[in-house]
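This report refers to the structure that appears directly beneath it.
The values are calculated or read from the model by the stated rules, or taken from the named source; none is laboratory data. Quick caveat: nothing in here was measured; it's all calculated off a predicted structure. Cβ sites come from the backbone with ideal geometry, for glycine too, and all protein chains shown count toward neighbours. All accessible areas refer to the heavy atoms of the entire protein, side chains included, with ligands and DNA or RNA removed. Shrake-Rupley method; radii C 1.70, N 1.55, O 1.52, S 1.80 Å.
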Amino acid sequence: MAKFYRFSLILVILFCQVKLDAQDIFRQEAMRLVQLADNMMQIGDFEHAEFKYSDAIDVDNTFADAYMKRAKLYMILERYEEAISDYDKAISINPFSEYIYNERAKIKMLAADYKGALDDFNTSISINPNQSDIIEARVEDLLALNQYEQAIKDLDTLTQLNYYSPEKRFEKMAMVYLLMNDYANFEDHIDSALAINPLSSIAYDLQGIAYLKKRSYNDAITSFSKAIELNPEFALAYYNRAIANRYLGNIDQAKSDLNKSIAINQQIEHVYFMKALIKKENGDIDGALEDYNNAITVDNNYENALYNRAYTLKLIGDYDKALKDVNQIIELDPESAEFWNLKGNIHLLFGDYNPAISSYSTAININPDFYQAYYNRGLAYVINYRRFQGCDDLQFAFKNGYKIAKEAHLNFCVQ
């Protein structure tokens, strides 16, 4: 009996060994495929790199590194949902890796899922509480969520960990107080930063932004000019000074600053957007569309640029492209009454009255006080031979202060 038991045990050990050897073979093959994919990444062959990472996953679907490598490729390609899905799988394989949570949080930040990113940062920090760089990343996420008090606590933690120099800490704290519109604390901290380093271009730029927010445009220009003097390659300072010049009506100076900003850094979407606004205000519709396109090329989910491009395309009668843009921004923010109203306007110009009425109704459901949408829906009803419903909307709009609805009501509804 003992002999039979030893024989059975040997068989079990041999079976396990065979199984482990097979797993090793699969893992080695997956590692080889990942290495091939890495080589393809280095030469910019993203298409074949994706195939090889996917092949590695097919060979060994428990190889977390393969999912993570493919996720990074998807991030480069701005395929954020697929990247997050791959990080989900990597976490299911290795649920105690703070690194994977950190990486997934960064993708969620890029996808504007700030709440999801915060959850991942919190999980990562709970696994390893002394990750200074991740605490700093969480600060950026907290600011995006307007959770300023928690951001201040994290900045205090980073100070205790000696992560920041005193100058950097004062600048960071000043930025938070500026976002909170707490100008007294802002000025205390920015003065402290400048006392440590009177040549800080960042401090002068922040000071200029504070003046912008307070509509002290000449003072803002002085501060931005000082920041540029200290750092002539400070692209954002040129952009900020352009905003102040635009408010003062100094259009040529604003254009010059925007062009200098782009010459330094071609990847700031807001600069192209500002150029487009100025061109549109001055009647250069083609030039405005070109710069809206440039802004969207840098950030293809830039809502303001998509909205303004859709509106401009509507003005020039390019309804197909306008509708495509407005559908994209509604997908990004389905709770925006403004976006649904614009979609209704485009459908109305197409003569698609029922879709227009549906879009205006969605806008009204989101914001019952959006009287422009009542006016627009009223016109759509009237044009679509639904006079009684249209007149009710027009009357409701002008009774609530939307003045141009009164004339429309007189024209269409008063016999």
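Using heavy atoms of the protein chains and a probe of 1.4 Å, the accessible area assigned to ILE76 is about 90 Å².
Couplings 3J(HN,Hα) for the range 261-271, derived from phi with the Karplus relation 6.51 cos²θ - 1.76 cosθ + 1.60 (θ = phi - 60°), are 4, 5, 4, 7, 8, 8, 10, 9, 4, 5, 5 Hz, where x marks Gly and Pro. When SER256, SER200 are compared by accessible area at a 1.4 angstrom probe, the order from most to least is SER256, SER200.
Please label the shape of the range 163-242 as rounded, prolate or oblate, based on the square roots a ≥ b ≥ c of the eigenvalues of the alpha-carbon gyration tensor (a/c under 1.5 means rounded; beyond that, a/b larger than b/c means prolate, else oblate). Oblate shape, in that a/c is at least 1.5 and b/c is the bigger or equal ratio.
Just the number, please: carbon plus sulfur as a percent of the accessible area of the range 234-364, 1.4 Å probe, no ligands or DNA/RNA counted. Provide the component values of the computation, followed by the final result.
Working: 2620 of 5860 Å².
Its accessible area is 45 percent carbon and sulfur atoms.
Ordered from highest to lowest accessible area with the whole protein assembly present and a 1.4 Å probe, ILE221, ILE278, ILE43 read as ILE43, ILE221, ILE278. Counting only Cβ charges, +1 for Lys and Arg and -1 for Asp and Glu, the dipole size of the chain around its Cα centre is about 740 debye.
Between ASP219 and ILE404, the modelled label-to-label distance comes to 3.8 nm, taking each label 7 Å out from Cα in the direction of the beta carbon. In the chain, helices alone account for a calculated mean residue ellipticity at 222 nm of -26500 deg cm²/dmol, with every DSSP H run of four or more residues adding -39,500 (n - 2.57).
About the Cα centre, and with charges only on the beta carbon of Lys, Arg (+1) and Asp, Glu (-1), how big is the dipole of the range 321-372? Nearest 20 debye, please. Mind showing how you got there, number by number?
On the way: 3 positive and 7 negative charges, 46 e Å.
Result for the range 321-372 is approximately 220 debye, rounded to the nearest 20.
Any chance you could give the angle, 0 to 90 degrees and rounded to 10, that helix 46-59 forms with the longest Cα principal axis of the chain? The angle comes out near 40 degrees. Helix 132-144: angle to the longest alpha-carbon principal axis of the chain, degrees 0 to 90, nearest 10? With rounding to tens, the tilt is 30 degrees. Pop the C-beta distance of VAL414 and LYS321 into the FRET formula with R0 = 30 Å and round what comes out to the nearest 0.05. Efficiency, rounded to the nearest 0.05: 0.20. One chain, two ends: LEU110 and TYR247. Fully extended at 0.36 nm per residue, the span grows by 46.2 nm beyond their Cα-Cα distance. The angle separating the long axis of helix 80-93 from the principal Cα axis of greatest extent in the chain is about 30 degrees. Computed with every protein chain present, the accessible area of ASP188 is close to 90 Å² [probe 1.4 Å].
Report which label in (1) 31.1; (2) 18.6; (3) 27.7 holds the value of mean projected area of the Cα convex hull in nm² derived from the coordinates of this structure. Label (1) holds the value from this structure.
For the range 90-223, the fraction of 1.4 Å probe accessible surface lying on carbon and sulfur atoms is 50 percent. Calculated FRET efficiency, GLU187 to ASP24, Cβ-Cβ distance, R0 = 60 Å: about 0.40 to the nearest 0.05. Each label point was placed 7 Å from the Cα along the Cα-to-Cβ direction; for ASP286 and GLN267 their separation is 3.2 nm. For the range 54-74 versus the range 87-110, the inter-centroid distance based on Cα atoms is 13 Å. Quote the relative contact order of the chain in percent (integer), defining contacts as alpha-carbon pairs under 8 Å separated by 6+ residues. The normalised contact order for the chain reaches 5 percent.
Between the range 212-279 and the range 147-163, how many Å separate their Cα centres? That distance is 31 Å. Between LEU277, GLY44, TYR101, the Cα set farthest toward the positive side of the dipole of the chain (charges on each charged residue's Cβ, about the Cα centre) is that of LEU277.
Computed with a 1.4 Å probe over protein heavy atoms only, the accessible surface of the chain comes to 53 Å² per residue.
Legend: residues ILE383, ILE57, sorted from most to least accessible area (1.4 Å probe; ligands, DNA and RNA excluded), read ILE383, ILE57.
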